[in-house]
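The values are calculated or read from the model by the stated rules, or taken from the named source; none is laboratory data. These numbers were taken from a predicted model, which means no experiment stands behind them. So basically every Cβ, Gly included, is an ideal-geometry build from the backbone, and we count neighbours across all protein chains shown.
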Amino acid sequence: MVARAIYSFACINCGGEILDERLLKLGLCERCLPDVGDIDLQQAIEILKSGGRLKRLKELSNLYTSYLEFREFFRKAAMGPPGGLGQAHTLGGELRDNRPNRNR
Ligand SMILES: [Zn+2]
C-alpha cells in the first residue's frame, strides 16, 4: 500500500504524526512501534509496555485490565462470562468515566 496522507496528532499512543496505512492498521506511528506485523492491539500494548514506551495507550490498557478482572468476577458469580450486552454495558460505563482529558 502506498502512503497517501500523513495525519498530525493522530498516533493513538504518542499523539504524533502517522501515515494513513498505519492509522488504518493499529493506529501506532513508526516511532512508537516500528514493526506492527500481524499483531493485535493487546500485543502492541505489551510490546510498548515492555519497552517503556506506553503513553496514551496506558488508559486503554488499564481499562482492558479492569474489564478482564470484571469478566473473571462475573464468570465466578454467574458461572459464565458476560454476553455481548454485558460486555458493552461494562465497557461503555468505563469509557464514559475514563474519557481522555487533553488538559492533563
Ligand atoms: Zn506514536
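Here are the numbers for the structure shown:
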read-out: Of all residues making up the range 1-15, the number that are part of a loop (DSSP other than H, G, I, E, B) and more than 8 Å from the ligand (Cβ to nearest atom); value: 8
read-out: Pick from the range 31-45, criterion surrounded by 13 or more Cβ atoms within 10 Å (Cβ to Cβ) and in a helix (DSSP H, G or I), ranking: modelled with the lowest pLDDT; value: 41
read-out: Single match in 28, 48 (criterion: part of a helix (DSSP H, G or I) and surrounded by 13 or more Cβ atoms within 10 Å (Cβ to Cβ)); value: 48
read-out: Check on residue 18, surrounded by 18 or more Cβ atoms within 10 Å (Cβ to Cβ), within 11 Å of the ligand (Cβ to nearest atom) and either free of Cβ contacts under 8 Å to residues at least 24 places away in the same chain or not small (Gly, Ala, Ser) (or both); value: yes
read-out: Residues (in contact with a Cys (Cβ under 9 Å, 6 or more places away or on another chain) and not in a helix (DSSP H, G or I)) located in the range 55-80; value: 55, 56
